[in-house]
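One structure is given below, encoded as structure tokens.
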Amino acid sequence: MFEIKEKAKITERALLIGAYTETSKKEEAQSLLEELEELVDTLGIPVIERKLVHHRENHARYLIGSGKAQELVDLAKSLECDVLIFDNELSPSQQRNWEELSGMTVADRHEIILDIFGARAQTREARIQVDLARMQYSMPRLTRAWSHLGQQGGGIGAKGEGESQLEQDKRKIRLQIDRLKRELEEVRSARATQRKDRKRAPVPNAAIVGYTNVGKSSLLRQLTGADVFVENKLFATLDTTTRKIALPNKQPLLLTDTVGFVRNLPHQLVEAFNATLEEAALSDFLIHVLDASQPEVMEFYNTTMKVLSDLGADTKQMLVVFNKIDKVTEPYAIPAWRRHFPDAVFVSVQTREGMDELVERISEFVARGTMAVELRLPAARADLLARLHRDGTVREVRYEHDFTHVMATIPTRALEVFAPFLPEPAGDGAAQPVRATAE
């Protein structure tokens, strides 16, 4: 069976290249090139030089002009580099042309991100997603691998030249892609079953979302005390992690850490990681974490919101949290963000500054999804009373003959379970009031 082989890890010297056409986007291109260096550093590849290239229009052969391309190749050779890494997306033919011109390994931003995901994938779901994205990326790049086998001769009486090696491998890859998609669908079904089990015990769920390396996993660890993997690198977390916490009012809450977002994420990965990101779409509310120390914080915010919009999760209740305020050096930065995001919370996971306020605000968000009710439970249904204690907040319990009168705050979605035990309608036909308050 044909398999795409993983590239040997590059441990040589890299030249990073970022090309842009509009002078107004020079700063953005510079920022993206710096982010590419962080991505490359995550793979452990030494970066020797970064070059930002302005060109008036995209060229079919090298993306930039042939003269400028030769200059960059000469620079790479003078610096004794072994690999050229582009921040731009290269077509398969452009990648081949650069490798022929330079005699070096050539990669683009998408390939670097795929390599990072491949190195960090731990669970079966993440590995399937990465394999699927890699195959979709590699399919159009098979041509050069088998160009020497493309010619097949025929003779008198021959019925055709048959199937070339390239065609065979493409067919095998398509079959593997179909198989991986089926496996991913099975994983999604299993996740849906797990989610259904969680819904049976109506505990509210919040998804922690945000740009990569803003401190989402650190926040989850600080709030829950869970042993969650934390590392100061891009895409340290690929798999969702869900932990349960008890808020000050004893209301339980499930917190889910999701994969971080990044600008110019390969579309193959956006599609492949929908199963992971759908936790955000199906949560009760979102905790959107931003890195207050980053100058491009607004760009990161917009990138995350765009992905959430694609998932249909941008309309959910959202608590914006600015993390790493202890690293902010600009004195006017935080006041400016407070004006722009008046309802945001400003914290430092490292120093715990603002964490108490964050917990209070999370409690408020949970309360918005609860309602205060008065219930009349049969004395024999001790299981319902136990469930109220587990999933809600019991305010008052009064035992009377064959019934137990309970004043409690329950999640709104649990109302269906307890609706049969609400007070009977009053004599005038009006229903007894059921208080729905944000406590």
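Computed from the coordinates by the stated procedures, all read-outs in this text should not be read as laboratory data. It should be emphasised that the depicted structure is a prediction, and the values quoted were computed from it without experimental measurement. Please note: Cβ atoms are built from the backbone with ideal geometry, for glycine as well, and neighbour counts cover all protein chains shown.
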Note down the relative contact order for region 14-117 as a percent, whole number, built from C-alpha pairs under 8 angstrom at least six residues apart.
33
Between region 51-105 and region 297-349, the alpha-carbon center distance in angstrom
37
Which of 360, 125, 89 has the fewest other C-beta atoms within 10 Å, and how do the rest follow up to the most?
360, 89, 125
Could you tell me which of rounded, prolate or oblate describes region 14-117, using a ≥ b ≥ c as the square roots of the eigenvalues of the alpha-carbon gyration tensor, with rounded for a/c under 1.5 and, failing that, prolate when a/b is larger than b/c and oblate otherwise?
rounded
Work out how much length residue 178 to residue 299 would gain on full extension: take 0.36 nm times their residue separation and subtract the Cα-Cα distance, in nm to one decimal.
40.0 nm
Unsatisfied cross-links (Cα-Cα over 26 Å) in the set 250/316; 250/324; 25/181; 26/216; 26/306:
250/324; 25/181; 26/216
quick shape note, region 370-421: Cα extents on principal axes in Å, largest first -> 29, 19, 16
Order 166-172, 30-36 from most to least packed using the mean count of other Cβ atoms within 10 Å.
30-36, 166-172
Ratio of alpha-carbon Rg to the 2.2 N^0.38 Å globular estimate for region 314-370, to two decimals, please.
1.22
